[in-house]
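> Please read through the structure below; I'll follow up with questions.
The numbers here are math on the coordinates, done by the rules we state, and not lab data. A quick note: this is a predicted structure, and the numbers were derived from the prediction, not measured. Here Cβ is always computed from backbone atoms with ideal geometry, including for glycine, and neighbour counts include all displayed protein chains.
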Amino acid sequence: DPGERSAIVCNNFRWPGGDVPYVIDRSLGNYANLLKQGIADYHRNNCLKFK
């Protein structure tokens with residue numbers, strides 16, 4: 001069912017505070033903005049956050 005969600009219950013496999021750290025490599029150039037827009041869209045629709 002598309003409305004169902006699955007999750008890992010064990011805290012050992014979770015990122016602290018639900019924030020996933022990431023770095024955008026400078027070599028991506030203009031693609032970095034596209035990536036940032038995609039991440040912002042993801043944040044609007046999911047509980048996991050990239051910071």
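> How far, in nm, would the chain grow between ASP41 and GLU4 when pulled straight, counting 0.36 nm per residue and subtracting the alpha carbon separation?
Gain on extension, ASP41 to GLU4, equals 11.3 nm.
> Is it possible to state the helix-based mean residue ellipticity at 222 nm for the chain, with each DSSP H run of 4+ residues giving -39500 (n - 2.57), the sum divided by total residues, to the nearest 500 deg cm²/dmol? What is it?
Working: 1 runs with 15 residues, N = 51.
About -9500 deg cm²/dmol.
> Quick one: net charge of ASN33's neighbours, Cβ under 14 Å, K/R +1, D/E -1? Show your work: numbers first, answer last.
Working: positive: ARG26, LYS36; negative: ASP25, ASP41.
Around ASN33, the charge tally is 0.
> If N is the number of residues in the chain, what value comes out of its Cα radius of gyration divided by 2.2 N^0.38 Å?
Numbers: Rg = 13.8 Å, N = 51, 2.2 N^0.38 = 9.8 Å.
Taking the Cα Rg and dividing by 2.2 N^0.38 Å, one obtains 1.41.
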